[in-house]
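Step one of this worksheet: look at the structure below.
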Amino acid sequence: MDYFTVGYVGLFFASFLSATILPLSSEGILLLMLTQGYDPTLCLIVATIGNSLGGLTNYALGLLGNPTWLKRIGISHMKIRSFEHRIQTYGYWLAFFSWVPFVGDPLSVALGYFRVSFWRFFGLMVLGKAVRYAVLIWMLGL
């Protein structure tokens with residue numbers, strides 16, 4: 001059974017899994033469903049919720065991180081502090097770009113690792129993911 005045959009539930013799971021480190025594309029599933037007559041508004045909502053929950057999973061994984069692990073792989077304390085300062089200064093804005101392929105998932109993990117404000121992270125992450133899906137739907141003219 002593939003994602004397309006299970007409709008909105010499949011879109012939810014594809015969106016969730018594509019927000020993790022798994023190499024999946026929720027955009028392809030979304031576009032396929034839209035071309036088959038699924039409701040654009042419901043697709044937008046389902047894909048955004050699924051993808052956002054996947055992003056929250058990444059954030060939670062970051063919260064589990066331990067600074068000693070980074071030191072063990074050779075990252076200096078000074079480098080960790082420098083990165084932490086930049087994340088704390090601008091980090092929550094990076095949450096808006098958590099949908100970007102290849103960098104969005106590690107960004108979400110890093111934002112959790114450095115304990116960026118949950119609500120700022122959550123709000124900007126959801127907004128970014130919703131805007132991305134809305135633009136795709138708009139590009140189809142729906």
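The values are calculated or read from the model by the stated rules, or taken from the named source; none is laboratory data. Nothing here was measured: the structure is a model prediction, and the numbers come from that model. With ideal geometry, Cβ positions are generated from the backbone for all residues, glycine too; neighbour counts draw on all protein chains shown. Note: areas computed on protein heavy atoms with side chains; ligands, DNA, RNA excluded. Shrake-Rupley method; radii C 1.70, N 1.55, O 1.52, S 1.80 Å.
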Query raised in the report: Could you give every pair whose Cβ atoms fall below 9 Å, whose first residue belongs to region 111-135 and is of a type in the set (A, V, I, L, M, F, W, C), and whose second residue is open to solvent by less than 60 Å² (accessible area, probe 1.4 Å) and assigned to a loop (DSSP other than H, G, I, E, B), counting only separations of at least 6 or pairs across chains?
Result: LEU111/SER98; PHE114/GLY65; PHE121/SER98; LEU124/SER98; MET125/SER98
Query raised in the report: Tell me, which residue of region 96-142 that is part of a loop (DSSP other than H, G, I, E, B) and open to solvent by 70 Å² or more (accessible area, probe 1.4 Å) is modelled with the lowest pLDDT?
Result: LEU142
Query raised in the report: Restricted to region 52-95, and to residues that are hydrophobic (A, V, I, L, M, F, W, C) and closer than 18 Å to ALA130 by Cα, which residue is least open to solvent (accessible area, probe 1.4 Å)?
Result: ALA95
Report summary line: Taking region 14-23 and keeping only residues that are open to solvent by less than 10 Å² (accessible area, probe 1.4 Å) and farther than 13 Å from TRP99 by Cα, one is left with ALA14
Report task. Please go through region 46-86 and pick out each residue that is more than 17 Å from the chain's Cα centre (by Cα) and under 30 Å from PHE12 (Cβ atoms). Result -> LEU64, GLY65
**Report entry** Count of region 22-32 residues which are closer than 26 Å to ASN58 by Cα and either touching a His at 6+ places or on another chain (Cβ under 7 Å) or touching a residue at least 12 places away in the same chain (Cβ under 8 Å) (or both)
**Finding:** 5
Requested in this report: Say whether the condition of being farther than 19 Å from ASP105 by Cβ, without any contact (Cβ under 8 Å) to a residue 24 or more places away in the chain and not in a helix (DSSP H, G or I) is met by at least one residue in region 1-12.
Outcome: yes
Query - Residues that are assigned to a helix (DSSP H, G or I), open to solvent by 40 Å² or more (accessible area, probe 1.4 Å) and of a type in the set (Ser, Thr, Tyr), drawn from region 24-46 - result: THR35, THR41
